[in-house]
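Working notes for the structure below.
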Amino acid sequence: MTDDPLPPPSPTPLSGRTTARTAAVIPAAGRGVRLGPGAPKALRALGGTPMLIHAIRAMADSRAVSLVVVVAPPDGAAEVKTLLDAHALPDRTDFLVVPGGESRQESVKAGLDALPPGYDIVLVHDAARPLVPVDTVDAVIEAVRDGAPAVVPALPLADTVKQVEPAGEPGAPEPVVATPDRSLLRAVQTPQGFDRATLERAHETVKDNVTDDASMVEQLGLPVVTVPGHEEAFKVTRPLDLVLAEAVLARRRLNDGF
């Protein structure tokens, strides 16, 4: 890891599909209150290793990713740098740590602003999705290389979904107003992949508070496409998710020597 500005790689137009360089931005500035009191969500241990380290390794496992920018809590950049120094990370990948903002959107923008020139594809990945397989990462990158301005991994829904009229108070009954056709719906995961210029334009233009970066590109009127997601790329949000993640990690270590 280096804290100094990286020398800019030789710029490669995105039309040179197979050689376009890829960087990943991991916003890790959230507190993760739904996991309960304690360390920020990204620093919670999974198999004895912070989830953030698992998420960084998941991006660096892709040979297409040559830079990972970690966006730390505003007052926690030094702690995150120390954390990265304490864990083995691939030598072929560069790592930067920058302080984030008060919102996820501000943190992603901080990560984008830290990118040197010459990286044409940008992944945005949730630190709370520590177990995304490398095949999913590579599929997102390949779809951007093939010309999509924005790509998201997604899974079909297993449950029937109801649209409701929100209750006036927590726990009160909510009237159902519609049942969307679930065959047309997808549960979206990360990493989401973008043509860098498109993502930068979205962050400069869209000021609404949105839940993911792809929706910002949608607001620009540009196409967003999906590629198959993976069941192990789930988001660790609640204590039960952490139990499931431990089980997945244990199975990987048993079966694959992960």
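The values are calculated or read from the model by the stated rules, or taken from the named source; none is laboratory data. Given the structure is predicted, the values throughout are model-derived calculations rather than measurements. Reconstructed Cβ throughout: ideal geometry from the backbone, glycine too, with neighbour counts over all protein chains shown. Accessible surface areas use protein heavy atoms only, side chains included; no ligands, DNA or RNA. Shrake-Rupley method; radii C 1.70, N 1.55, O 1.52, S 1.80 Å.
I'd like to check something: does the stretch 132-153 contain any residue that is in contact with a strand residue (DSSP E or B) (Cβ under 7 Å, 6 or more places away or on another chain), part of a loop (DSSP other than H, G, I, E, B) and open to solvent by less than 40 Å² (accessible area, probe 1.4 Å)?
Yes, the conditions are met somewhere in the stretch 132-153.
Based on what the data block shows, is Leu199 assigned to a loop (DSSP other than H, G, I, E, B), out of contact with any Phe, Trp or Tyr (no Cβ under 9 Å at 6 or more places or on another chain) and modelled with pLDDT of 95 or more?
Details: assigned to a loop (DSSP other than H, G, I, E, B): no; out of contact with any Phe, Trp or Tyr (no Cβ under 9 Å at 6 or more places or on another chain): yes; modelled with pLDDT of 95 or more: yes.
Answer is no for this residue.
Identify all residues within the stretch 223-235 that are farther than 19 Å from Gln105 by Cα and not β-branched (Val, Ile, Thr); write none if there are none.
Passing the criteria: Pro223, Pro228, Gly229, His230, Glu231, Glu232, Ala233, Phe234.
Of all residues in the stretch 166-191 being under 30 Å from Ile26 (Cβ atoms) and of a type outside the set (S, T, N, Q), which is most open to solvent (accessible area, probe 1.4 Å)?
Of the residues in the stretch 166-191, the ones under 30 Å from Ile26 (Cβ atoms) are 185-191.
Then keep just the ones that are of a type outside the set (S, T, N, Q); that gives 185-188, 191.
Working: Leu185: 54, Arg186: 113, Ala187: 42, Val188: 65, Pro191: 0 Å².
It comes out as Arg186.
Considering the stretch 96-119 alone, what residues qualify as being in a strand (DSSP E or B) and either among the polar types (S, T, N, Q) or out of contact with any helix residue (DSSP H, G or I) (no Cβ under 6 Å at 6 or more places or on another chain) (or both)? Don't jump to the end; show me each part of the working.
Looking only at the stretch 96-119, we keep the residues that are in a strand (DSSP E or B), and these are 96-99.
If the condition is that a residue be in a strand (DSSP E or B) and either among the polar types (S, T, N, Q) or out of contact with any helix residue (DSSP H, G or I) (no Cβ under 6 Å at 6 or more places or on another chain) (or both), then Leu96 is the only one that fits.
Within the stretch 55-68, which residues are part of a helix (DSSP H, G or I) and either open to solvent by 10 Å² or more (accessible area, probe 1.4 Å) or in contact with a helix residue (DSSP H, G or I) (Cβ under 8 Å, 6 or more places away or on another chain) (or both)?
Selection gives Ala55, Ile56, Arg57, Ala58, Met59.
What single numbered condition from (1) open to solvent by 80 Å² or more (accessible area, probe 1.4 Å); (2) in contact with a helix residue (DSSP H, G or I) (Cβ under 8 Å, 6 or more places away or on another chain); (3) part of a helix (DSSP H, G or I); (4) of a type outside the set (Ser, Thr, Tyr) fails to hold for Asp208?
Here Asp208 meets the rest and fails (3).
How do the pairs read when you match residues in the stretch 231-258 that are in a helix (DSSP H, G or I) with residues anywhere that are of a type in the set (Gly, Ala, Ser) and open to solvent by 40 Å² or more (accessible area, probe 1.4 Å), using Cβ under 6 Å and keeping only pairs 6 or more apart or on different chains?
Short answer, once both residue conditions are applied: none.
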